[in-house]
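The values are calculated or read from the model by the stated rules, or taken from the named source; none is laboratory data. No experiment lies behind these values; they were computed from the predicted model shown. Glycine gets a Cβ as well: all are built from the backbone with ideal geometry, and neighbour counts include every protein chain shown. With ligands, DNA and RNA removed, areas are computed over all heavy atoms of the protein, side chains included. Shrake-Rupley method; radii C 1.70, N 1.55, O 1.52, S 1.80 Å.
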Amino acid sequence: MNLKGILFDFNGTLFFDSYLHMEAFRRIYRSYGKPIPTDEFMIQKFFGRNNETIYLENFDSNASREEIVKFIDMKENAYRDLCLECPDDLRLVDGATELLDYIKENGIPFCLATGSDLENVKFYIKHLGIDRWFSEDNMVYTNGKFKGKPYPDIYQIAARKIGLDPSECLVFEDGTSGIRAANAAGAGAVTVVYESKFPSPLTEETDINGIYHDFKEWKNILADYGLLR
């Protein structure tokens, strides 16, 4: 299989922050006086989806825009606070830096396709230095202008950003919703990268081409898809 470009999910894929998001959701559930969902539920139903969808599906399906914005601000502020409380974990997944350096240096088209909003993207630029690889030219984030995962929109937009069709792209994902989004977009291949200490995000309803728990094998992965120069 010879592909031409790469599309990356971010949270839980390039940056192992799943436990921070889950703790932020726990704090929010407590503040709303609701029973706290299991880790498995959050991994299957929350990861990859934007906060508006999560709120409408799990808190109030008839919420006003003001209520939705309040929830989003509370959750993401809690998440960013937790990130800063764990400075040793503010780093990309093992092998990711080497992979990103390689594809940038070798002119392989790539794009970030994250369910994070602009405030979190700015946070990642400041604390993780992702602007070393990503800019407005190769980044798609939640902005309220397209449907979030599991809809295919984000991967269709990301592929267009780098002048490719999704069928020409390798997608790196970690969540069920994101994998379904990549499948629905017609991605050429989907490789799952997720933290080994968490339950698998995979279900029978998803189509994948490989599973890893970091990016240490990035050369082999690229070679498998004709992307190693």
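Could you tell me which of the residues ILE72, ILE43 is more than 27 Å from THR203 (Cα to Cα), within 19 Å of the chain's Cα centre (by Cα) and among the hydrophobic types (A, V, I, L, M, F, W, C)?
The match here is ILE72.
From (1) free of Cβ contacts under 8 Å to residues at least 24 places away in the same chain; (2) open to solvent by less than 20 Å² (accessible area, probe 1.4 Å); (3) among the basic types (Lys, Arg), pick out the condition that doesn't hold for LYS75.
(1)
Restricting to segment 178-208, and then to whatever is touching a residue at least 24 places away in the same chain (Cβ under 8 Å) and open to solvent by 70 Å² or more (accessible area, probe 1.4 Å), can you tell me which residue is nearest to THR13 (Cα to Cα)?
ARG180
Determine which single condition LEU84 fails, assuming it passes every other condition in (1) farther than 30 Å from GLY186 by Cα; (2) surrounded by 14 or more Cβ atoms within 10 Å (Cβ to Cβ); (3) in contact with a Leu (Cβ under 9 Å, 6 or more places away or on another chain).
Unmet for LEU84, out of (1) farther than 30 Å from GLY186 by Cα; (2) surrounded by 14 or more Cβ atoms within 10 Å (Cβ to Cβ); (3) in contact with a Leu (Cβ under 9 Å, 6 or more places away or on another chain): (2).
Got a number for residues in segment 31-51 being of a type outside the set (A, V, I, L, M, F, W, C), surrounded by fewer than 20 Cβ atoms within 10 Å (Cβ to Cβ) and under 17 Å from PRO199 (Cα atoms)? Working first, answer last.
To start, the set of residues in segment 31-51 that are of a type outside the set (A, V, I, L, M, F, W, C) comprises 31-35, 37-40, 44-45, 48-51.
The next check asks that each one be surrounded by fewer than 20 Cβ atoms within 10 Å (Cβ to Cβ); those that pass are 31-35, 37-40, 44-45.
Those left that are additionally under 17 Å from PRO199 (Cα atoms): 37-40, 44-45.
Residues in segment 31-51 being of a type outside the set (A, V, I, L, M, F, W, C), surrounded by fewer than 20 Cβ atoms within 10 Å (Cβ to Cβ) and under 17 Å from PRO199 (Cα atoms): 6 in total.
Among the residues that make up segment 132-141, is at least one of them farther than 22 Å from GLU76 by Cα, open to solvent by less than 30 Å² (accessible area, probe 1.4 Å) and at pLDDT 90 or above?
Taking segment 132-141 as the starting set, the residues that turn out to be farther than 22 Å from GLU76 by Cα are 132-133, 137-138.
Keeping just the survivors that are open to solvent by less than 30 Å² (accessible area, probe 1.4 Å) gives 133, 138.
Pick out the ones that are also at pLDDT 90 or above and you get 133, 138.
Yes.
State yes or no: is ILE211 of a type in the set (Val, Ile, Thr), open to solvent by 10 Å² or more (accessible area, probe 1.4 Å) and part of a helix (DSSP H, G or I)?
no
Any chance segment 10-30 includes a residue that's free of Cβ contacts under 8 Å to residues at least 40 places away in the same chain, open to solvent by 60 Å² or more (accessible area, probe 1.4 Å) and over 19 Å from SER177 (Cα atoms)?
The answer is yes; a qualifying residue exists.
Give the residues of segment 184-199 that are over 15 Å from the mean Cα position of the chain (by Cα) and at pLDDT below 95, sorted by residue number.
Selection gives SER196, LYS197, PHE198, PRO199.
Looking at this structure, is ASP60 open to solvent by 20 Å² or more (accessible area, probe 1.4 Å) and out of contact with any Leu (no Cβ under 6 Å at 6 or more places or on another chain)?
When the stated conditions are applied, ASP60 passes them.
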